[in-house]
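The values are calculated or read from the model by the stated rules, or taken from the named source; none is laboratory data. Please read all numbers here as calculations on a predicted model, not as lab measurements. Methodologically, a virtual Cβ is constructed for each residue, glycine included, from the backbone with ideal geometry; neighbour enumeration extends over all protein chains shown. Remember, those area values only see protein heavy atoms, side chains included, never the ligands or the DNA or RNA. Shrake-Rupley method; radii C 1.70, N 1.55, O 1.52, S 1.80 Å.
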Amino acid sequence: MRARSRRATCARLASECSVGTFPLSAAERNAVVLLMSEVEAVTIQTERFGEIRAPKNEVLHFAEGLVGFAEHKNFVLVQEAAYSPFLWLQSADDPHLSFVVVDPLEFMPEYRVEIKPSEIASLDLESLDKAKVLVIVVVRENPEEITANLQGPLVLNLEKCLGKQVVLLSDRYHTRHRILDEIEDDATGPRAESEG
């Protein structure tokens, strides 16, 4: 991950999320890239991106919803190139509900998810290696304070359009992991482990 470009992306994301809107023209909104193939599409109203179209057969279904949002079960991934590697997990049913998400390997290459075989099976996956893992990001006005929830990753089976938020039992990760701290560590090399 390039520290300087990721820092700039985080700053832009923080700035635009803090005012609650993104300065996208109608043409730019129509150019929002969905991480899905073109098939029969559904129209989704969104607060951030206006009206978008998503392939109907690739709307992600979270049978249990997300932690704190159990009633919201259908989402699409929305990508806007200016904010790469960040994506939006947009509710297909509530225009006001979206989460900024990112692949944790973008800022923490050693991140590993260990979940029960029953959770892997519930996603119709043969193994966790076939899953796409994303984490929810909390964007604050100060980019230095942007955090990722590494304790509750989203595990996705993109082929079957199934998703599940899992809560890791390990104390190795936490819910407010500062992204820019990792980016700076990547740029300067490994950090010393403290004892204690």
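Side notes on the structure shown:
- VAL133 passes every criterion in (1) surrounded by 15 or more Cβ atoms within 10 Å (Cβ to Cβ); (2) within 18 Å of SER118 (Cα to Cα); (3) aliphatic (A, V, I, L, M); (4) at pLDDT below 90 apart from (4).
- Segment 46-59, residues that are open to solvent by 100 Å² or more (accessible area, probe 1.4 Å) and touching a residue at least 40 places away in the same chain (Cβ under 8 Å): GLU47
- Enumeration of residues in segment 69-111 that are among the small types (Gly, Ala, Ser), surrounded by 16 or more Cβ atoms within 10 Å (Cβ to Cβ) and more than 20 Å from ARG140 (Cα to Cα): SER91, ALA92
- Identity of the residue in segment 95-128, acidic (Asp, Glu) and in a loop (DSSP other than H, G, I, E, B), that ends up nearest to the chain's Cα centre (by Cα): ASP103
- Residues located in segment 85-114, provided they are in contact with a Leu (Cβ under 9 Å, 6 or more places away or on another chain), within 22 Å of ARG172 (Cβ to Cβ) and touching a residue at least 60 places away in the same chain (Cβ under 8 Å): VAL102, PHE107, MET108, TYR111
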